[in-house]
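Quick notes on the structure that follows.
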Amino acid sequence: MKIFETSTAPNPRRVRMFMAEKGLLDQAEFIQVDIEKGENLTPEYVVRNPMKKVPVMELDDGSCIAETMAICRYFEEAYPNAPSLLGDTPLEKAYLEQWLRWIELFFFLPTGMGFQHSTGYFKDRMNPVKEWGAECVQQVEKFMAFLNDQLEGKEYICLDRFTAADINAFVTVAFARVIKVRIKPEQTNLQAWYERISARPSAQV
């Protein structure tokens, strides 16, 4: 299979970490797409993903799957003997989905919007609104405080073990540096958790 990605972008990193935790990195060829130059806007790429985003997974039969968590779900279902990262029981899956939604909507998305609307990185293909970017940055800071509180007495975000929730939150914390948001000195729970995740081999891919 092939995975079309941009190695510096957060969504592809989420997929790589997921694959690394399941021992699947050697199952795919990773092809770099220069989104700054607009390689994701070419007709060849749009055939694979009409939303024009990275990453996209292309299977051997030509089937293409876009969206980070859809790709991760494929690997979770296709390789059930590997460590479970999306829950085992109905309750675990539902609880984890709750956290994945929270992280996606209230943390990852504002971080991305803060970057796009504050930096002008994609000003050639969108209309940046600086005020919205500033609001998104504030949302990111609020969620970091929320996450710090939720991690009190915990090693991982949920299910008492490492899951996709930790991957998604970790990548978001790391990416938040592009909008100048860092873990605050008083957020000791969040800092300790971040250091634990940083020490995992998958955090290096």
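The values are calculated or read from the model by the stated rules, or taken from the named source; none is laboratory data. Being a predicted model, the structure only gives us computed values, none of them experimental. Every residue, glycine as well, gets a Cβ built from its backbone with ideal geometry; the counts of neighbours run over all protein chains shown. Keep in mind that these areas ignore ligands, DNA and RNA; they rest on the heavy atoms of the full protein, side chains included. Shrake-Rupley method; radii C 1.70, N 1.55, O 1.52, S 1.80 Å.
Starting from the Cα-Cα distance between Val178 and Gln150, subtract it from 0.36 nm times their residue separation and give me the gain in nm to one decimal.
7.7 nm
Using only C-alpha atoms and all pairs of different ones, pull out the Kirkwood radius for the chain in Å with one decimal.
Values: mean 1/r = 0.0563 Å⁻¹.
Roughly 17.8 Å, rounded to one decimal.
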Count the net charge of all other residues whose Cβ sits under 14 Å from the Cβ of Thr172, scoring Lys and Arg as +1 and Asp and Glu as -1. +3
Apportionment of accessible area to carbon and sulfur, the stretch 2-157, percent (1.4 Å): 53 percent
Separation of alpha-carbon centers, the stretch 133-198 and the stretch 13-65, rounded to whole Å: 26 Å
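Name the shape class, rounded, prolate or oblate, that the alpha-carbon gyration tensor gives for the stretch 1-52, where a ≥ b ≥ c are the square roots of its eigenvalues, rounded holds for a/c under 1.5, and otherwise prolate holds if a/b is larger than b/c and oblate otherwise. Provide the component values of the computation, followed by the final result.
Working: a/c = 2.53, a/b = 1.83, b/c = 1.38.
Prolate, since a/c reaches 1.5 and a/b exceeds b/c.
What is the extension gain from Glu186 to Thr42, computed as 0.36 nm multiplied by their sequence separation minus the C-alpha to C-alpha distance, in nm to one decimal? Mind dumping the intermediate values first?
Values: separation 144, 0.36 × 144 = 51.84 nm, distance 4.58 nm.
Using 0.36 nm per residue and subtracting the Cα-Cα distance, I get 47.3 nm.
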Sort Lys123, Lys93 from largest to smallest accessible area, using a 1.4 Å probe on the heavy atoms of the protein chains. Lys123, Lys93
How do Asp61, Asp160 stack up against each other in accessible area, from largest to smallest, with a 1.4 angstrom probe? Asp160, Asp61
Once the piece of chain linking Glu97 and Lys52 is laid out straight, how much longer is it, given 0.36 nm per residue of separation minus the C-alpha distance between them? 13.7 nm
Can you list, largest first and rounded to whole Å, the semi-axes you get for the stretch 106-205 by taking the square root of 5 times each eigenvalue of its Cα gyration tensor? 27, 15, 11
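Cα-based Rg of the stretch 1-103 per 2.2 N^0.38 Å, rounded to two decimals? Working shown, then result.
Values: Rg = 14.2 Å, N = 103, 2.2 N^0.38 = 12.8 Å.
It is 1.11.
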Given the DSSP H assignment, sum -39500 (n - 2.57) over each helix run of at least 4 residues in the chain and divide by its residue total; what's the result at 222 nm in deg cm²/dmol, nearest 500? -15000 deg cm²/dmol
Whole angstrom only: what separates the Cα centroid of the stretch 103-129 from the Cα centroid of the stretch 70-101? 27 Å
Compute a Gaussian network model of the chain, connecting alpha carbons closer than 10 Å, and tell me which residue from Thr163, Thr42, Thr172 fluctuates the most. Thr42
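Taking the Cβ of Pro55 as the centre, find all other residues whose Cβ is under 14 Å away and add up their charges (Lys, Arg: +1; Asp, Glu: -1). Please report the intermediate quantities before stating the final value.
Values: positive: Lys2, Arg13, Arg14, Arg16, Arg48, Lys52, Lys53, Arg73; negative: Glu5, Glu29, Asp34, Glu39, Glu58, Glu67.
In short, +2.
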Leaving out ligands, DNA and RNA but keeping every protein chain, what accessible area does Ser63 have, in Å² rounded to the nearest 10, with a 1.4 Å probe? 50 Å²
Just to verify a number: what accessible area does Lys130 come out at with the full protein assembly present, 1.4 Å probe, Å² rounded to tens? 150 Å²
How far apart, in nanometres, would the label points at Ser63 and Ala78 be if each is projected 7 angstrom from Cα along the Cα-to-Cβ direction? 0.8 nm
